[in-house]
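Chemist: One structure coming up, written as structure tokens, with questions to follow.
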Amino acid sequence: MENHINNPVMDSSGFVVLADFVPHIVQEIRYYSTYNFIGERIDGYEEPCALVTKEAARALKAASNELSVQGYRLKIFDAYRPVKAVKQFMLWAIEDQDIRMKPYFYPDLEKQDLFKKGYIAKKSSHSRGSTVDLTLLDMKTGKEVDMGSPFDLFSEKSHPAFKGITEEQYENRMMLQKAMFRNGFSGLDCEWWHFTLEDEPYPDTYFDFPVSSHYAG
């Protein structure tokens, strides 16, 4: 099923609704909401649900089971992302003059720098279906674990190895990272929340069907 990004695939048969595989997972799909770095719902997000490949879902279930023993749940911000959504990111960064969300998501950068710094990619691994953005939820408090920076803060503070945070915040990042790595995922050096299944089933395929439970295989 190899396919270039300019000719994305609409076949969703290899995908599942993540919550069906991991019933205790918490979801806050930011690109369905208006609270994201653009400030509006993103193209292709028809439902606030996480879709992933079957293989990624199985690996996430294993990670979730491991973390639940330690008192944590996984909280998902984004999973499969259609190609049309990535195109919207690109057009926004290049052409759109709107910077209303700058104070919240990229306070120290100009929009054009988001590409150079690697925070926005012209081709996203999310569009291959085995990448997730997530954090941990403390089951005792019901709150997100403090990771030292919020999701989608485009800053050095969000680099997993950034040392300008407290020891506890750094340890929280490492706890999430180790659990994900043990269950077959790799990370990204500029986003503590971003993980891709190493043995992903569609390494060269980019999909463009909508984010909707109706499209899960």
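The values are calculated or read from the model by the stated rules, or taken from the named source; none is laboratory data. What you see is a predicted model, and the numbers here were worked out from it, not measured in a lab. Ideal geometry is used to build each Cβ from the backbone, glycine not excepted, and the neighbour counts take in all protein chains shown. In case anyone asks, the SASA skips ligands and DNA or RNA and just uses the protein heavy atoms, side chains included. Shrake-Rupley method; radii C 1.70, N 1.55, O 1.52, S 1.80 Å.
Chemist: Return the subset of 122/143; 61/123; 102/122 for which the Cα-Cα distance in this structure is over 23 Å, preserving the input order.
Modeler: Distance filter (> 23 Å) returns 122/143; 61/123.
Chemist: Per residue, how large is the accessible surface of the chain? Use a 1.4 angstrom probe and give square angstrom.
Modeler: Using a 1.4 Å probe on heavy atoms only, each residue of the chain averages 47 Å².
Chemist: Enumerate the whole-percent occupancy of each 5 Å bin, from 0 to the last occupied one, for all C-alpha pair distances of the range 65-135.
Modeler: Taking all Cα pairs of the range 65-135, the binned fractions are 3, 14, 18, 20, 18, 11, 7, 6, 2, 0 percent.
Chemist: Sticking with this one: Quick one: which residues, 5 or more positions from residue 185 or on another chain, have an amide H under 5 Å from its amide H? H modelled 1.01 Å from N in the peptide plane, none for Pro or chain starts.
Modeler: Residues meeting the criterion, in which the H sits 1.01 Å from N, are 198.
Chemist: Step through the residues of the range 58-67 one at a time and calculate ³J(HN,Hα) from phi using the Karplus curve (6.51 cos²θ - 1.76 cosθ + 1.60, θ = phi - 60°), rounding each to whole Hz and writing x for Gly and Pro.
Modeler: 5, 5, 5, 5, 5, 5, 4, 4, 5, 6
Chemist: Say the cut-off is 31 Å between C-alpha atoms; which of 111/163; 87/140; 75/163; 117/178 go over it?
Modeler: Where the Cα-Cα span goes over 31 Å, the pairs concerned are 87/140.
Chemist: Once Lys and Arg get +1 and Asp and Glu get -1 on their Cβ, which of 139, 162, 181 lies farthest toward the positive end of the dipole of the range 107-202?
Modeler: About the Cα centre, the residue reaching furthest to the positive side is 181.
Chemist: Something else now. Calculate, in nm to one decimal, what residue 10 and residue 26 gain on full extension: separation in residues at 0.36 nm each, minus their alpha carbon distance.
Modeler: Full-extension gain reported as 3.1 nm.
Chemist: Could I have the simple spin-label model distance between residue 108 and residue 94, label points 7 Å from Cα toward Cβ, reported in nm to one decimal?
Modeler: Modelled inter-label distance: 2.8 nm.
Chemist: Using only the alpha carbons, work out the radius of gyration and Dmax of the range 95-165 in angstrom.
Modeler: According to the Cα coordinates of the range 95-165, Rg and Dmax are 14.4, 45 Å.
Chemist: Still on this structure, I have one more. Quick one: net charge around residue 143, please, counting Lys, Arg +1 and Asp, Glu -1 for every other residue with C-beta under 15 Å from its C-beta.
Modeler: Taking every Cβ under 15 Å from that of residue 143, the sum is -2.
Chemist: Ordering 204, 108 from largest to smallest accessible area (1.4 angstrom probe), what's the sequence?
Modeler: Details: 204 80, 108 120 Å².
Listed by decreasing accessible area, they come as 108, 204.
Chemist: To the nearest µm²/s, what D does Stokes-Einstein give for the chain at 4 °C and 1.567 mPa s, using the Kirkwood radius over alpha carbon pairs as Rh?
Modeler: Translational D for this selection: 74 µm²/s.
Chemist: Measure off 7 Å from each Cα along the Cα-to-Cβ vector at residue 62 and residue 34, then give the distance between these two points in nanometres to one decimal.
Modeler: Placing both labels 7 Å along Cα→Cβ, they lie 4.2 nm apart.
Chemist: Continuing with this model, one more query. Could you give the length gained on full extension between residue 189 and residue 161, defined as 0.36 nm per residue of separation minus the Cα-Cα distance, in nm?
Modeler: 9.3 nm
Chemist: Taking 0.36 nm per residue of separation and subtracting the Cα-Cα distance, what length does fully extending residue 140 through residue 70 add?
Modeler: 24.1 nm
Chemist: Mind checking the range 102-135 for trypsin sites (Lys or Arg not before Pro) that DSSP puts in a loop (not H, G, I, E or B) and that have at most 15 other Cβ atoms within 10 Å?
Modeler: Numbers: sites: 111, 116, 117, 122, 123, 128; in loops: 111, 117, 122, 123.
Passing both the DSSP loop test and the Cβ count: 117, 122, 123.
Chemist: If one puts a single equal scatterer on every Cα of the range 3-64 and applies the Debye formula without solvent, what log₁₀ I(q)/I(0) results at q = 0.21 Å⁻¹?
Modeler: Each listed q maps to, in turn, -0.97.
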